[in-house]
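Asks: Pasting a structure here, questions to come.
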Amino acid sequence: MSTARRLVILVVAVLVCAGVGTGFVLHAADQAAQRSRPTAGGPAVSSGEVSLGPGAAKKLLFLNTAAGPDLDRLSSVPIGDTAGPRTATGTTCLRFYAAAGTGVCLQSATGVLGQTTRAVILDARLKTLRSYPIAGIPSRARVSPSGRLVAWTDFVGGDSYGSAFFSTRTSILDTRTWKVVDSLEQFSVQLNGKPYHATDDNFWGVTFASDDDTFYATLGTAGRTYLMRGSLSKHSATGVGVENVECPSLSPDGTRIAFKKRVLPNAALWREYVIDLRTLKETPLAEPHSVDDQATWLDDDTIAYALPTDGDTRSTDLWSVPADGSGKPKLIVPGAFSPAPQ
């Protein structure tokens, strides 16, 4: 092939690639523009201030997923009127949780060095206290009932998780000392009554007890998942004796854990269950759909979680279900994600 012909082919290829690239950019820009416009019949949203922690009236904090200018903003509704008008703040997050005046907001930002992610610790007035870099894709976040301890999980490249090639990294922060445990994989592990360690160990989905030391989390290893009870002061985690537990969430009274249980091997299909920590009895909840979320207890009797919005895979809705397996699911906040009752 002559040099001239090679140059012609190269120029054509560059032009084609440029055209395709431009098309993708324009398509992405158009999609973003569409998501920034409110849809007809969407929730009423107004800008305002939202505080963390208890106030004169109980409220539910969440991330707004309804299309419009307040997309991904931390928002609030009264517990007694969760389907009513919502107040949106200027804080945007990918995942959020708060307790006792402390909040954690997992964020992604584009800068001169490209895309970066971080865990931002917020005070009761949503002011940034500290910020910590995150190595991967933000996934889960929790704050202890006292507001002292904060945990976050992110996906990083490595071993498998579900059907995707990811591994997890879970960190815990003490907001009194500002010391960080970078990864729970540093902890000593007891599994089935014996010390255990494997190169594919992964922890995720931390939930805290009220003593600011005990926590529960999922350990994934050798193709199985286990419910673990950990001690922050001892840097240890011990198997509770239950398998197939993911994304645990401890009840306010500390007696039960809500979790997602894989019901179809090798597939992303989970059902919500509650386990009694004294008897280890498991109770399936009334939600028939697959829930890929870390559920949140609204109170000792009710659990909330996110499901994709019908007809809009880019949005989620918050649902609730009784924790004893009775009743049926109830839509509580349309266009919402990552709930935190206050």
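Just so you know, all these numbers are worked out from the coordinates, no wet-lab data involved. All values reported here derive from a predicted model rather than from experimental measurement. No Cβ is skipped: glycine too gets one built from the backbone with ideal geometry, and neighbour counts run over all protein chains shown.
Asks: Can you work out ³J(HN,Hα) from phi for every residue in the range 298-306, in order, using Karplus 6.51 cos²θ - 1.76 cosθ + 1.60 and θ = phi - 60°, giving whole Hz and x for Gly and Pro?
Replies: With the stated coefficients, the range 298-306 comes to 6, 7, 5, 10, 9, 10, 10, 6, 9 Hz.
Asks: Can you spot the lysines whose alpha carbon is less than 30 Å from Lys59's alpha carbon? Ignore those fewer than 8 places along the same chain.
Replies: Answer for Lys59, where 30 Å is the Cα cut-off: Lys127, Lys260, Lys261, Lys328, Lys330, listed by chain and number.
Asks: So for the range 215-342, Kirkwood radius off the Cα pairs, Stokes-Einstein at 20 °C and 1.002 mPa s: how many µm² s⁻¹?
Replies: 141 µm²/s
Asks: Which length gain, in nm to one decimal place, applies between Gln186 and Ala44 when the Cα-Cα distance is subtracted from 0.36 nm times their residue separation?
Replies: 46.5 nm
Asks: Oh, and also: Would you please give the residues with an amide H less than 5 Å from that of Thr92, counting only those at least 5 places away or on a separate chain, with H modeled from the backbone geometry?
Replies: Correct list: Leu74.
Asks: Give, to the nearest whole percent, the P(r) tail of the range 57-142 beyond 20 angstrom, counting all Cα pairs.
Replies: Considering the range 57-142, 36 percent of its Cα-Cα pairs are separated by more than 20 Å.
Asks: Here's a follow-up. Which translational diffusion coefficient, to the nearest whole µm²/s, is obtained for the range 200-276 from the Stokes-Einstein equation, given a Kirkwood hydrodynamic radius over C-alpha pairs, 37 °C and 0.692 mPa s?
Replies: Diffusion coefficient, whole number: 259 µm²/s.
Asks: Can I ask one more? For the range 182-227, with equal point scatterers placed on the C-alpha atoms only and solvent neglected, what are the log10 I(q)/I(0) values from the Debye formula at q = 0.26, 0.27 1/Å, to two decimals?
Replies: For the range 182-227, the Cα-only Debye profile gives -1.09, -1.15.
Asks: Order of 98-107, 84-93 by packing, highest average Cβ count within 10 Å first?
Replies: The peptides rank, most packed first, as 98-107, 84-93.
Asks: Bin width 10 Å, origin at 0, all Cα-Cα pairs of the range 153-281: what percent of pairs per bin?
Replies: Binned Cα distances yield the sequence 12, 46, 35, 7, 0.
Asks: Within the set of other residues whose C-beta is less than 10 Å from the C-beta of Asp292, count the net charge using Lys and Arg as +1 and Asp and Glu as -1. Numbers along the way, then the final one.
Replies: Values: positive: Lys260; negative: Glu246, Asp293.
For residues surrounding Asp292, the net value is -1.
Asks: Along the Cα→Cβ direction, 7 angstrom out, place labels at Thr309 and Ala222. What is the inter-label distance in nm?
Replies: The answer from the label model is 4.5 nm.
Asks: State to the nearest 20 debye the size of the charge dipole of the range 53-201 about its Cα centre, where the only charges are +1 on K and R beta carbons and -1 on D and E beta carbons.
Replies: With Lys and Arg at +1 and Asp and Glu at -1, about 580 debye.
Asks: With unit charges on the beta carbon (Lys/Arg positive, Asp/Glu negative), name the residue among Pro248, Leu149, Gln190 whose Cα is farthest towards the positive pole of the charge dipole of the range 98-253.
Replies: Leu149
Asks: Same structure, new question: Count neighbours as other Cβ atoms within 10 Å of each site's Cβ, and list the chymotrypsin sites (Phe, Trp or Tyr not before Pro) in the range 123-228 that are DSSP loop with at most 13 such neighbours.
Replies: Answer in residue order: Trp178.
Asks: Quick one: which of 119-130, 61-72 comes out on top by average Cβ neighbours within 10 Å, and what's the full order, highest first?
Replies: 61-72, 119-130
Asks: Please report, in Å, the Rg and the Dmax of the range 69-119, where both are computed over Cα atoms only.
Replies: 13.5, 44
Asks: Take Asp324 and Asp292, extend 7 Å from each Cα along the Cα→Cβ direction, and tell me the distance between the two endpoints in nm.
Replies: In this crude spin-label approximation the distance works out to 3.3 nm.
Asks: Moving on to the next point. What percent of all Cα-Cα pairs in the range 254-305 falls in each 5 Å bin, counting up from 0?
Replies: 5, 20, 30, 25, 14, 5, 1
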